[in-house]
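Everything on this sheet refers to the single structure shown next.
The values are calculated or read from the model by the stated rules, or taken from the named source; none is laboratory data. Here the structure is a predicted model, which means the values were calculated and not measured. A quick note on method: Cβ atoms are made from the backbone with ideal geometry, for glycine too, and the neighbour counts reach across all protein chains shown.
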Amino acid sequence: MEKNEKYVQTAAPMLFPIEPEQFWQMLRILVREEVNRLLKPGQAPTFQTPGLTYKPLFKITEVCELLHITKPTIYEWIRHGKLKPYKIQSRVYFLWQDIQLLLNPTDQRNE
């Protein structure tokens, strides 16, 4: 054996019996299938906290959809004190209890 002989390794040793490209393709397919299984078509992701029976905070767009009103109406209600906004970082939220008071104003008088 010559001492000047160089050992050149062109690729990393394979630890599993499939080609790397085939492995990545299989992994992509598995991830897509799992995501599609968890998120059915047309369904938005839902985030639930154990123990909560209702969603405590709503974004302005959610309040608009819930009450079938426009954003300017929400801004008007904020200006007149009918609805109180809560700012968390750069986002504005509304409490579910405040929305309930708008829907059922008689509940406020009975308390």
Would you be able to tell me the number of residues in the stretch 63-88 that are among the small types (Gly, Ala, Ser) and at negative phi?
0
Within the stretch 69-91, tally of residues that are exposed (fewer than 13 other Cβ atoms within 10 Å of the Cβ), β-branched (Val, Ile, Thr) and within 12 Å of residue 59 (Cβ to Cβ):
1
Name the helices (runs of 4 or more DSSP H) wholly within the stretch 4-111 that hold at least 1 residues that are at pLDDT below 90?
20-38, 60-67, 96-103, 105-110
